[in-house]
Amino acid sequence: MSDTKESPTSVPRRSVSEDESIPQAQPERDDEQTEANHSAIVASHYNKIEDRGLQVRKKSNIYFMRNFNNWIKSVVIEEYTSLIKGRIPLGSPFRVMDMCCGKGGDLNKWSNANVTHLICTDIALISLEQCEKRFDTMYQRDRDSLRRPKVEFFAADATLQQLRTKFRDPSLKLHLVSCQFAFHYSFESFKQADCMMKNAAECLEEGFYFIGTIPDANEIMKRQRMAMSDTFGNDIYRIQFFCDTDNPPLFGAKYNFQLDEVVNCPEFLVHFPTLEKLALKHGLRLVEKKRFEELFDVHLSRKQGLLEKMQALETYPPPFGRHNNDSNQGKGPEQYRHAEEFGRQMSSQHQFRVGTLSQQEWEASSLYLFFAFQKMKTSYDANGRPVYS
């Protein structure tokens, strides 16, 4: 897949009607009860995941993969928050919505970016409460209270409810909306995807950004074809389809995704050209699209220090007499053949040591891609239809 990176320059003016913006190759499902049931399943699943602390997480089979994914989020969030701060006047408010914030895994990133107004929302109430508690802990010291941003927390289903009506000030305009590892749940139906995209777009200031991470549907389907089965994966992740994989629908292409002990719930393929057209309907144009391995190549030289600090790669071979984490004793040598091959290619006679992920962790992490959309300037034609430029 080719990556997309565009400069924030003007694009030709055009109006978009609902009929032309979204392909109509597949009939829309209108099953509100099914949508509500799936939303409840997702909320229940994430509510049940306990915050078990760092020492327990270090024993996980996907400890380094989760750190690697977090590093990816860190570099793209830093890139776009820096871009935004370079465009808004010094000392002016910097407003962000963390849509589907979960337990608050990105709170430190917003703090590092000096966000002044943060809105956190999620479908899972218990996760949201843990996010709020985490936020309060971060700013409980007097010296930190000076940097404490305005903050709002509320539970809502972003695929079925209008979020801005729950803001303290519904007229508020945002500089960034972030939705990490969650937008694909909305592709259960056109109605849900349209609602979630509207939630991301309608509160953005013109010229600012909606960013997110989702599974790459092209990569998933490629692996399904290679496996010649509707169930495939490895010891870390597993995908099982519950739709026609020969002709998957644009919306409602359901599969169950299991990721070690972290995820086990229904998800939906995101047909990216449809996502682009849906975004355009709401005045958003694509400015960047990259798979995780592409982001790694682009940012490695500049962000290697952060990569090491976050322990986003496993040291291989591990230092003599200890392991990087307790779980890697269960990873066979076949999981590091790529690292061994790299070592054989090194000219040094000394024992090599590299940072890497196990093969299975890499296969799971490379399922994902990053996107960024920019809110276009909006005017209206004689028929009252939006015209974007």
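Laid out as a table, the results:
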item: For the range 120-221, projected area of the alpha-carbon convex hull averaged over all directions, nm²; result: 8.3 nm²
item: Point-to-point label distance, VAL298-VAL387, nm (Cα→Cβ direction, 7 Å offset); result: 3.3 nm
item: Base-10 log of normalised Debye intensity for the range 190-291 (one unit scatterer per alpha-carbon) at q = 0.16 Å⁻¹; result: -0.78
item: Sequence ranges 169-180, 195-206, ranked by mean other-Cβ count within 10 angstrom, highest first; result: 195-206, 169-180
item: GLU152 long-range amide H proximity, modeled H, under 5 Å; result: LEU118, ILE119, CYS120
item: Mean projected area (nm²) of the alpha-carbon convex hull when the range 179-245 is viewed from all directions; result: 5.8 nm²
item: Karplus (6.51, -1.76, 1.60) ³J(HN,Hα), θ = phi - 60°, over the range 218-233, in Hz, Gly and Pro reported as x; result: 4, 5, 4, 5, 4, 5, 5, 5, 5, 6, 6, 7, 7, 10, 7, x
item: Local net charge near GLU361, Cβ-Cβ under 12 Å (Lys/Arg +1, Asp/Glu -1); result: -2
item: Extension gain from LYS277 to LYS222, taking 0.36 nm per residue of separation minus the Cα-Cα distance; result: 17.5 nm
item: Spin-label model distance (nm) - LYS166 vs LYS150, 7 Å beyond Cα toward Cβ; result: 1.9 nm
item: Percent carbon-and-sulfur accessible area, the range 229-320, ignoring ligands, DNA and RNA, probe 1.4 Å; result: 48 percent
item: Qualifying lysines (Cα of each under 21 Å from Cα of LYS173; at least 8 residues distant if same chain); result: LYS85, LYS109, LYS150, LYS198, LYS281, LYS375, LYS377
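The values are calculated or read from the model by the stated rules, or taken from the named source; none is laboratory data. Keep in mind the model is a prediction, meaning the values are calculated, not measured. All Cβ positions, even for glycine, are placed from backbone atoms using ideal geometry, and neighbour counts span all protein chains on display. Side chains included, ligands, DNA and RNA excluded: accessible areas come from the protein's heavy atoms. Shrake-Rupley method; radii C 1.70, N 1.55, O 1.52, S 1.80 Å.
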